[in-house]
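First up is the structure itself, then whatever we jot down about it.
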Amino acid sequence: MSEFFLLASDPEAVQNLSIFDPVSPPAESIRSLSALVAGIAAFIFIIVEGVLFYSVVRFRARGPRTSEPPQVYGSKAIEVAWTSAPALVVFILVLVVTRTLWDVNRPNPPSKPQDHALFITVIGHQWWWEYVYESYDGRKLDLITANEMHMPASTEGVARPVYLTLKSADVCHSFWVPRLGGKTDLIPGHPNEMWFQTDKPGLYLGQCAEYCGTQHANMLLRVTVDEPAEFDRWLEQEAEPAAVPANSAVEEGQTAFLAQSCVNCHRVRGTRAVGTFGPDLTHLMGRQTLASGMIANDPENLRKWLTDPQQVKLGCLMPAFGLSTRELHEIVAYLSTLR
Ligand code: CUA
């Protein structure tokens with residue numbers, strides 16, 4: 001677990017969401033392309049405005065007009081110049097954009113295992129993210145988590161890229177972690193792909209970047225880049241089935257949880273909660289936040305969430321279940337053990 005904690009609502013988050021501070025090759029390609037295009041546009045702007053202001057001042061009417069200014073209509077030389085100059089600019093832009101498209105495109109077929117590469121299928125839901133870890137370092141994985149993605153850093157001179165296959169369970173969403181890569185849409189029935197890698201461990205924030213309904217603005221992304229050894233530990237932990245109740249109080253909590261309709265939507269691996277509609281809760285306490293990055297994951301917020309999710313995230317698809325104080329207490333106690 002990274003000790004770095006930041007909610008998207010914290011003021012420092014703005015810095016973390018900056019496109020001007022890329023840490024991954026695709027994000028760097030996009031930043032340098034933007035800088036080049038802005039530079040070319042600024043250059044043209046200065047030339048055109050310069051000529052305009054010069055002409056306004058230099059050729060301003062002074063005294064009564066005595067003759068027509070010289071007419072250049074139909075001048076072949078000028079027409080050739082103002083046709084070829086923009087065509088040249090457009091041609092240069094096509095070349096650099098093509099190069100950037102080439103850079104950000106995923107270089108490998110999605111299904112092929114590859115040394116040190118991590119393959120994840122990302123599924124967009126209203127309004128949270130599901131991560132299905134497919135394989136890492138040529139090894140098949142069987143692991144599903146939600147909202148907080150982990151990946152290894154490309155440290156010690158070894159590239160550890162992550163290849164994402166992007167899908168949607170409902171409407172269009174868009175995966176955007178500005179410092180790692182550009183926006184890529186998650187479209188129902190049309191898988192998309194993207195990749196990135198970074199040698200800088202840390203927490204990277206992002207947003208869903210395609211309007212997808214009421215809570216689009218709270219469909220927040222968190223990508224934690226771990227040191228490789230730490231990532232291995234995280235994988236190992238996440239691959240374990242859920243913690244078995246260690247005492248009778250927790251056991252009562254588990255019974256209360258399994259008796260509720262929680263099990264229709266949520267999965268806790270190793271129990272009979274096998275729902276797939278909501279986030280996987282097997283290692284809920286391994287996550288720093290609740291409600292897709294909105295609030296910190298602590299017992300108080302968890303209780304608030306279970307009391308009435310609509311008070312926290314209006315319109316979200318989890319209803320309030322009218323739990324009694326006792327049930328609430330028991331279920332929070334149980335969920336708090338799912339490390
Ligand atoms: Cu999902 Cu906007």
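Read the figures in this text as sums done on the coordinates, not as results from a lab. Computed from a predicted structure; not experimentally measured. Note that each Cβ is placed from the backbone with ideal geometry, even for glycine, and that neighbours are counted across all protein chains shown.
Restrict the search to region 190-297; then list the trypsin sites (Lys or Arg not before Pro) that DSSP places in a loop and that have at most 16 other Cβ atoms within 10 Å of their Cβ.
Values: sites: ARG222, ARG233, ARG267, ARG269, ARG272, ARG287; in loops: ARG269, ARG272, ARG287.
Qualifying residues, ordered by number: ARG272.
When a/c is below 1.5 the answer is rounded, else prolate if a/b is larger than b/c, else oblate, so apply that to region 259-339 with a ≥ b ≥ c taken from the square roots of the Cα gyration tensor eigenvalues.
rounded
Given a Förster distance of 35 angstrom, what is the FRET efficiency for PHE91 paired with ALA13, based on the Cβ-Cβ distance and rounded to 0.05? It would help to have the intermediate numbers written out before the result.
Numbers: r = 40 Å, r/R0 = 1.14.
Calculated value: 0.30.
Which whole-Hz ³J(HN,Hα) couplings does region 181-191 yield from phi under the Karplus relation 6.51 cos²θ - 1.76 cosθ + 1.60, θ = phi - 60°, glycine and proline marked x?
The phi angles translate into x, x, 6, 9, 6, 9, 10, x, x, 9, x Hz.
Provide the FRET efficiency to the nearest 0.05 for the LYS304-VAL56 pair, computing r from the beta carbons and using R0 = 56 Å.
E(calc), rounded to 0.05, equals 0.30.
What is the chain's relative contact order, in percent, from Cα pairs under 8 angstrom and six or more apart in sequence? The partial results should precede the final answer.
Details: 613 pairs, mean separation 57.6, N = 339.
So the answer I get is 17 percent.
Rounded to the nearest 0.05, what FRET efficiency do THR214 and ILE78 give with R0 = 56 Å and r taken as the Cβ-Cβ distance? Could you check? The partial results should precede the final answer.
On the way: r = 56 Å, r/R0 = 0.99.
Here the calculated transfer efficiency is 0.50.
Please get the size of the charge dipole for the chain, origin at its Cα centre, with Cβ charges of +1 on Lys and Arg and -1 on Asp and Glu, quoted in debye to the nearest 20. Before the final figure, lay out each step's value.
Numbers: 27 positive and 36 negative charges, 296 e Å.
Its charge dipole is roughly 1420 debye.
Shape of region 143-278 from its Cα gyration tensor (a ≥ b ≥ c, root eigenvalues): rounded if a/c is under 1.5, otherwise prolate when a/b > b/c, or oblate? The partial results should precede the final answer.
Numbers: a/c = 2.49, a/b = 1.33, b/c = 1.88.
Oblate shape, in that a/c is at least 1.5 and b/c is the bigger or equal ratio.
Helix hunt in the chain: which complete DSSP H runs extend at least 27 Å axially by C-alpha with mean Kyte-Doolittle at least 0.0? Before the final figure, lay out each step's value.
Numbers: long enough: 25-58 (49 Å, 1.41); 76-104 (42 Å, 1.44).
Span-like helices, by this rule, are 25-58, 76-104.
Net charge around PHE257, counting only other residues with Cβ within less than 11 Å of its Cβ (Lys, Arg = +1; Asp, Glu = -1)? Walk me through the numbers on the way to the answer.
Working: positive: ARG272; negative: GLU251, GLU252, GLU327, GLU330.
Around PHE257, the charge tally is -3.
If I model a spin label at LEU314 and ARG339 as a point 7 Å from the Cα along the Cα→Cβ vector, what separation in nanometres do I get?
Modelled inter-label distance: 3.9 nm.
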